[in-house]
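Here's the structure, in structure tokens; my notes come after.
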Amino acid sequence: MRIAVYVPLLLSLLAPLGARPLAERCEPRLATWLLTASALVLGAATTISLGLLAVTGLIRVPQLAALGHWSAHTAQRDDPAELSVALIAGLLLGAAVLMAARMLWRRARTLTAAILEAECMPAKDGLVVVEDEAPDAFAIPGLPGRVVVSTGMLATLDETERRILLAHERAHLTAHHYAFVALAQLGAAANPLLRPLATAVTYTIERWADENAATATGDRERVARTVGKAALAAHHAPGVRAPGAALAILGRRTPLATAGPVPRRVAALLAPPFGRHPVLAAATAAVLATAALSTAEAAHDLHLLLEAVGA
């Protein structure tokens, strides 16, 4: 545990540096998978590392060591981690578990409310049109999900642009983008250093939906214009009002053109489609493998330590 236990913590400091390159240079679907996996694996690995360090502090307390038939004196002599480090790790572990549990509870409540709301919405082919002058469009996950569009948005767009909008929002539902966002946010809740990865996922799912719309229509430039047009309409609207609880793909409403930095999305659509960028994918896989192996090695080291201090 001298080095391995700290490796996931170090990687969580470095990982956010790769969030922007992945989001900007890699094909959106692959980027979403890689970013989500990174947030989850690193979040879990750092939490486990904190737990391992915290245990080394607990076995130095005579009363607790006696419960496991360990020698507190031997633990103080053989454990390479400083007691202060173990105590700090224990406090951070408690905070990580609390924040992750809080996030899971809130996400479960939000998703349940979204599903119930979707079930209550009368829809034709999964589309709900609401009377509202404010331009708005968003997806609500459910069984099945719903795409909600305001009359103001429909009036803003022509027929082709409406098809683009619906293709974009339906892509959110078909690919279960809310799950990617929830998992990335879970990793970031356990380790706040990973928040840039969760933020990047909210952008790449929009890019993923943009690319699906471009594939469906065969006109990337038209999709780019639609994204920009809807963004301008929503920006100049006096206020956006949503029906019901207004629960959408990310636990809140996410209109077509206002979720994610619009200029970056438009620029990406006006450029040729991104490739899979094997170098970035391989580097991400290497980081995740290193985190997993280091965590496993640290757990094995703790096992050996506990055997050594067995009374």
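The values are calculated or read from the model by the stated rules, or taken from the named source; none is laboratory data. None of these values were measured; they are calculated from a predicted model. Reconstructed Cβ throughout: ideal geometry from the backbone, glycine too, with neighbour counts over all protein chains shown. Note: areas computed on protein heavy atoms with side chains; ligands, DNA, RNA excluded. Shrake-Rupley method; radii C 1.70, N 1.55, O 1.52, S 1.80 Å.
Here are a few things to note about the model shown:
- Taking the listed residues Ala167, Ala137, Ala209, the one that is open to solvent by 10 Å² or more (accessible area, probe 1.4 Å) and either at pLDDT below 90 or among the small types (Gly, Ala, Ser) (or both) is Ala167, with no other qualifying.
- Identity of the residue in the range 107-127, touching a residue at least 60 places away in the same chain (Cβ under 8 Å) and open to solvent by 10 Å² or more (accessible area, probe 1.4 Å), that ends up farthest from Ala209 (Cα to Cα): Cys120
- Taking the numbered list (1) at pLDDT 95 or above; (2) open to solvent by less than 10 Å² (accessible area, probe 1.4 Å) in turn, His172 passes all entries but (1).
Table: residues versus (1) over 19 Å from Val149 (Cα atoms); (2) at pLDDT 90 or above.
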residue: Arg222; (1), (2): yes, yes
residue: Thr226; (1), (2): no, yes
residue: Gly239; (1), (2): no, no
residue: Thr254; (1), (2): no, no
residue: Arg264; (1), (2): yes, yes
residue: Ala268; (1), (2): yes, yes
residue: Ala281; (1), (2): yes, yes
residue: Thr284; (1), (2): yes, yes
residue: Ala296; (1), (2): yes, yes
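- The C-beta contact set for the range 138-156 (first residue closer than 15 Å to Lys124 by Cα, second residue polar (S, T, N, Q) and in a loop (DSSP other than H, G, I, E, B), distance under 9 angstrom, 6+ apart or interchain) comprises Ala139/Thr254.
- Output for the range 1-47, where each listed residue is open to solvent by 10 Å² or more (accessible area, probe 1.4 Å) and either outside any helix (DSSP H, G or I) or at positive phi (or both): Met1, Arg2, Ile3, Glu27
- Test result for Leu98, among the hydrophobic types (A, V, I, L, M, F, W, C), open to solvent by 80 Å² or more (accessible area, probe 1.4 Å) and closer than 26 Å to Ala198 by Cα: yes
- Filter result (open to solvent by less than 50 Å² (accessible area, probe 1.4 Å) and at positive phi) within the range 212-229: none
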